[in-house]
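A.B. asks: First the structure, then my questions, so here it is.
The values are calculated or read from the model by the stated rules, or taken from the named source; none is laboratory data. All values reported here derive from a predicted model rather than from experimental measurement. Neighbour counts run over all protein chains shown; Cβ positions are idealised from the backbone, glycine included. We work out accessible area using only protein heavy atoms, side chains counted, and drop any ligands, DNA or RNA first. Shrake-Rupley method; radii C 1.70, N 1.55, O 1.52, S 1.80 Å.
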Amino acid sequence: MSDFNCRNCNESLYGCKYIKMEEEPHCIRCYDRLYANTCHECKEIIGHDEKELMHQDRFFHDHCFRCFSCNRSLANESFTMQGDALVCSDCYCSRFSSKCAACNQTVMPGSRMLEYEGSTWHEDCFLCHGCEKPIGAEAFVPDNDNFYCVPCYERRVAPRCSHCRKALTKGGVTYKDDVWHKECFLCSSCRAPLAGQSFTSQGDRPCCIKCFGNLYAKKCAGCNTPITGFGDGKYISFEDRQWHQPCFKCSRCSVSLVGSGFFPDRDQILCTDCNSDD
């Protein structure tokens, strides 16, 4: 009769328990040493005759698979992980889980929920303030402490463009307490877009700088171009005439009169020296 020995230590297996591994017989001692898993909790070998549990590629003795908080067995209980620790559902709910901002009930681990700015809702509790339907995974718009689905926000809450009267849901321009879509904020004269551009107004109507200068601005008595207050700095006014500050010069010697005394002489303005020469 041929030998019937342990594949590893070569001890005879006649009359002994053994385990086949890859079709080769092993004595119990060698099998436990070479192939048995190590318990993630107690770091001891899980013997061939011990009940073994596995979770997320980790192995546990049956008696080690317990809640780290209350120590109850989790072999037949629902549980979750908190870091590397096993936690039963009861302990997780009392110590770690969030409360729904709407119903104040526990949001159970694994349940469908929504989180926004530090608060949590059951999916079925996160409702539109307008139609009171669950928003779910759809887009929504916050307004103070309320939330709206996009159709309800546009219909009930969103400001209306002063030009087209349609809802303004993002971006836009505010001017004199009114709002516009960017594409609707136009010069009242030439209809050029004003969003992102320098502009002024004539009465209550917005106006681009070019149209304001051509249609409404006073002309500089020195260069005869419009004085708009944009791009050409401060201006000086005397009686019924105005000058750009760089244009306010003596009509004879061209010295700047800004901050100096001057003398009007019919259509001219003169510095003190030129006036003394007369």
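A.B. asks: In segment 75-89, which residue that is under 19 Å from residue 46 (Cβ atoms) and not in a strand (DSSP E or B) is nearest to the chain's Cα centre (by Cα)?
C.D. replies: The residue in question is 84.
A.B. asks: Going through segment 230-262 one residue at a time, which ones are surrounded by fewer than 14 Cβ atoms within 10 Å (Cβ to Cβ) and more than 30 Å from residue 276 (Cα to Cα)?
C.D. replies: Answer for segment 230-262, where residues must be surrounded by fewer than 14 Cβ atoms within 10 Å (Cβ to Cβ) and more than 30 Å from residue 276 (Cα to Cα): 231, 233.
A.B. asks: Now for a different question. Kindly indicate whether any position in segment 174-181 is on the phi > 0 side of the Ramachandran plot and touching a residue at least 12 places away in the same chain (Cβ under 8 Å).
C.D. replies: Yes, there is a match, as at least one residue in segment 174-181 is on the phi > 0 side of the Ramachandran plot and touching a residue at least 12 places away in the same chain (Cβ under 8 Å).
A.B. asks: If a residue has to be within 25 Å of residue 107 (Cβ to Cβ), open to solvent by 80 Å² or more (accessible area, probe 1.4 Å) and touching a residue at least 12 places away in the same chain (Cβ under 8 Å) to count, how many in segment 126-166 make the cut?
C.D. replies: Count: 3.
A.B. asks: Under 7 Å between Cβ atoms, at least 6 apart or on separate chains: pull out the pairs that start in segment 87-105 with a residue that is farther than 19 Å from residue 133 by Cα and open to solvent by less than 20 Å² (accessible area, probe 1.4 Å) and end on any residue that is basic (Lys, Arg) and in a loop (DSSP other than H, G, I, E, B).
C.D. replies: If the second residue must be basic (Lys, Arg) and in a loop (DSSP other than H, G, I, E, B), the pairs left are 88/72.
A.B. asks: Report whether or not residue 15 is more than 28 Å from residue 146 (Cα to Cα) and loosely packed, with under 13 Cβ neighbours inside 10 Å.
C.D. replies: Against the criterion (more than 28 Å from residue 146 (Cα to Cα) and loosely packed, with under 13 Cβ neighbours inside 10 Å), residue 15 qualifies.
A.B. asks: Can you name the number of the only condition in (1) in contact with a strand residue (DSSP E or B) (Cβ under 8 Å, 6 or more places away or on another chain); (2) closer than 30 Å to residue 89 by Cβ that residue 108 fails?
C.D. replies: Residue 108 satisfies every listed condition except (1).
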